[in-house]
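The structure appears right after this line, and notes come after that.
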Amino acid sequence: MTYCVGLRLDAGLVMLSDTRTNAGLANISRFGKLFHWERPGNRAIVAMTAGNLSITQGVITALDTACRRASAGEDVECLLNCESMWRAAQLASEAMSVQQKRYRDQLEAQGAGADAMIILGGQREGGAHRLFLLYSAGNFIETTPDTPFFQIGEHKYGKPILDRVIEPATPLPVALKAAFVSMDSTLRSNLSVGMPLDLAVIHAGEMKVSTRRRIEADDEEFSQISNAWSEALRQGFSSVPEVTTA
């Protein structure tokens, strides 16, 4: 399984994913699930994937291929030349639909799931930074001020902190801390989510990926946040009144 979280804030976008993929207890692997496309000063787009790995790899390959063909001079619409972030989400959704139509029946006939989801966000010159959640069927939704973040994969353990902290006005440093705590909570509660992590940050108006970082298990900053959060929880629990019994 996996866990990916994307935050759409007034100050920009934060994207964080794990790298664990498992097909049973004896078949655990690492696969990067965070991808980006960039023309600095013009646009920056980041995608994170969850679900059937063959489906999501097919989608990313199709998007990459279109970008390479366009850069070679072919008249091909792609993430790096489309007219809006909404159209970028459509292109990714169309690639998802192609993969689903090609492989879903065969996968399900063998007892495998074909479902997959993608969080896609970014900004192009002349437009706002936007964040979308793409479904297996090829449809998608966008964040709103009421719901400024999306999660895919094993999301339930990391959701409470986001519900309490994240709103559009949340500063980027606070949002990063919340994303780290959300991921740490998931890592501790679900063995199908694992290190290392991949992080990407796009500052509003910059049209570039300002931070692209791999976070290993021994990362000092992540460990400090994890340990501090654990201690805060223990102290908070100790301050809660005892339950009286008859």
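Compared with the dominant Cα axis of the chain, that is its longest principal axis, helix 172-189 is turned about 70°. In percent, rounded to a whole number, the relative contact order of the stretch 3-236 is 29, using alpha-carbon pairs under 8 Å and six or more apart. For the chain, pairs of C-alpha atoms spaced more than 22 angstrom apart make up 55 percent of the total. Taking the square roots of five times each eigenvalue of the Cα gyration tensor of the stretch 121-213, the equivalent ellipsoid has semi-axes of 23, 17, 14 Å, listed largest first.
Go ahead and set up a Gaussian network model of the chain, Cα springs under 10 Å, then flag whichever of ALA217, ALA179, ALA116 fluctuates most. Among ALA217, ALA179, ALA116, the largest GNM mean-square fluctuation belongs to ALA217.
What is the helix-to-structure angle for 220-239, meaning the angle in degrees between its Cα long axis and the longest Cα principal axis of the chain, kept from 0 to 90 and rounded to the nearest 10? So the inclination is approximately 40 degrees. Dividing the helix sum by the residues of the chain, where each DSSP H run of 4 or more adds -39500 (n - 2.57), gives a mean residue ellipticity at 222 nm of -12000 deg cm²/dmol. Ordering VAL59, VAL201, VAL5 by the projection of their Cα atoms onto the charge dipole of the chain, which places +1 on the Cβ of Lys and Arg and -1 on the Cβ of Asp and Glu, puts VAL59 at the extreme positive end. For the stretch 3-236, the number of Lys pairs with C-alpha atoms closer than 24 Å, counting only pairs eight or more positions apart or on separate chains, is 8.
Bear in mind that the values in this text are calculations on the coordinates, not laboratory data. Everything quoted here is computed from the prediction, not taken from an experiment. In this analysis, Cβ positions are derived from the backbone assuming ideal geometry, glycine residues included, and neighbour counts consider all displayed protein chains.
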